[in-house]
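The structure appears right after this line, and notes come after that.
The values are calculated or read from the model by the stated rules, or taken from the named source; none is laboratory data. All of these numbers come straight from a predicted model, not from anything done at the bench. For neighbour counting, all protein chains shown are included, and Cβ atoms are generated from backbone atoms with ideal geometry for every residue, glycine included. The area values use the complete protein model at the heavy-atom level, side chains included, leaving out ligands, DNA and RNA. Shrake-Rupley method; radii C 1.70, N 1.55, O 1.52, S 1.80 Å.
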Amino acid sequence: RIVETFEAWAAELYIMLPKVQVAVVALFFFYLVANIIKNLVKRVFSRFSDQVALINLFSTLSYLLIILFGLFVALNVLQLEQTVSSLLAGAGIVGLALGFAFQDISVNFICGILIAFRKPFHVGDMIESNGYSGIVEEINLRATVLKTLQGLHVIIPNKDIIQTPMTNYTLTTDRRVDLAVGVSYGDALDQVETLTKQAVQNVPLLKSKEHIDLFFEEFGDSSINLLVVFWLTKADQASYLRARSEAIKAIKATYDAHGITIPFPIRTLDFGIKGGEKLSEMKVRTQNN
């Protein structure tokens, strides 16, 4: 019986041998086509994106899809349609299960593809996102790596960068500085305006001396508050902090030189029931025991 079984298998193999040869030729043909398409996809995507990981991903996916299609063709040649149906059903179930299991990873992956094509920022740009500011050091398909101004490395998922506001300081060359300060009620406001503008004119990286604006905003509790506005020729955070610091020092030195006061918070104590009565004018009543 064993011999008869092997003889039956050999007879079936002999009958199917031409079909096996055609299936092997088909697989080899699709293998060649897959390699050609893979190289073509790399060339095409290299023109639109500089992300090596993304280019390799799409080229590999195209290669695997063509190989898989060639495998289905070979199975059809061998008249194994049931096997093809089983493979397709199994692939669909596995894909659905993986999609639910790795939902967050899939979202980050898709957002990484969007970042690679839309290019809202590049490696080396200064950005701010999700409360972190830093230089972009790496952009991959799952997350973006920032190096903060403190030298720390922060990994932000691509989903959070796409779904929340993001500021790219490298896209613009100018940046505005808004500096608030208060002066005493006894100071002349015209003099304060002139001296403040003169002090800010020596700030490094100042874009234009003619475009320094000053606005008196409100009558504060113990001071008249004003806002100094000027533009810088660089937008990075280090230049912004340096210019703001120099402006504060220059304004303070100018105010000290001309007797302009930046007042401390003042509290006035009123001892009268109706208000306006001084402590020295109040009648003090004493009670003898």
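Kindly indicate whether any position in the range 99-108 is open to solvent by less than 80 Å² (accessible area, probe 1.4 Å), of a type in the set (A, V, I, L, M, F, W, C) and either at pLDDT 85 or above or within 20 Å of Lys234 (Cα to Cα) (or both). No, the range 99-108 has no match at all.
For beta carbons closer than 7 Å, sequence separation of 6+ or different chains, a first residue in the range 141-158 that is over 11 Å from Asn130 (Cβ atoms) and a second that is open to solvent by 10 Å² or more (accessible area, probe 1.4 Å) and of a type in the set (D, E, K, R), the qualifying pairs are Val145/Glu137; Val145/Glu138; Lys147/Glu137; His153/Lys147; Asn158/Arg142. Taking (1) closer than 30 Å to Gly124 by Cα; (2) surrounded by fewer than 14 Cβ atoms within 10 Å (Cβ to Cβ) in turn, Gly186 satisfies each apart from (1).
Do we find that Thr170 is in a helix (DSSP H, G or I) and either touching a strand residue (DSSP E or B) at 6+ places or on another chain (Cβ under 9 Å) or open to solvent by less than 80 Å² (accessible area, probe 1.4 Å) (or both) in this structure? It would help to see each step written out before you state the result.
Values: in a helix (DSSP H, G or I): no; either touching a strand residue (DSSP E or B) at 6+ places or on another chain (Cβ under 9 Å) or open to solvent by less than 80 Å² (accessible area, probe 1.4 Å) (or both): yes.
Against the criterion (in a helix (DSSP H, G or I) and either touching a strand residue (DSSP E or B) at 6+ places or on another chain (Cβ under 9 Å) or open to solvent by less than 80 Å² (accessible area, probe 1.4 Å) (or both)), Thr170 does not qualify.
All of Gly134, Gly182, Gly151 fail the test of being assigned to a loop (DSSP other than H, G, I, E, B) and either small (Gly, Ala, Ser) or under 28 Å from Phe109 (Cα atoms) (or both), apart from Gly151.
Looking for something surrounded by 17 or more Cβ atoms within 10 Å (Cβ to Cβ), of a type outside the set (Phe, Trp, Tyr) and in contact with a His (Cβ under 8 Å, 6 or more places away or on another chain) - is there at least one such residue anywhere in the range 142-151? Yes, because at least one residue in the range 142-151 is surrounded by 17 or more Cβ atoms within 10 Å (Cβ to Cβ), of a type outside the set (Phe, Trp, Tyr) and in contact with a His (Cβ under 8 Å, 6 or more places away or on another chain). When restricted to residues that are closer than 17 Å to Arg242 by Cα, in contact with a Leu (Cβ under 8 Å, 6 or more places away or on another chain) and at pLDDT 90 or above, the range 180-216 contains 2.
State whether one or more residues within the range 231-243 are under 14 Å from Gln201 (Cβ atoms), open to solvent by less than 60 Å² (accessible area, probe 1.4 Å) and in contact (Cβ under 8 Å) with a residue 60 or more places away in the chain.
Residues of the range 231-243 that are under 14 Å from Gln201 (Cβ atoms), as a first pass: 231-232, 243.
Cutting the leftovers down to open to solvent by less than 60 Å² (accessible area, probe 1.4 Å) gives us 232, 243.
Still in the running and in contact (Cβ under 8 Å) with a residue 60 or more places away in the chain: 243.
Within the range 231-243, one or more residues are under 14 Å from Gln201 (Cβ atoms), open to solvent by less than 60 Å² (accessible area, probe 1.4 Å) and in contact (Cβ under 8 Å) with a residue 60 or more places away in the chain.
Scan the range 153-202 for residues that are among the hydroxyl-bearing types (Ser, Thr, Tyr) and closer than 30 Å to Pro265 by Cβ and jot them down. If the condition is that a residue be among the hydroxyl-bearing types (Ser, Thr, Tyr) and closer than 30 Å to Pro265 by Cβ, then Ser184, Tyr185, Thr194, Thr196 are the ones that fit. For the range 116-175, a residue qualifies if it is closer than 16 Å to Gln237 by Cα and of a type in the set (Asp, Glu), and the qualifying residues are Asp125, Glu128, Asp174.
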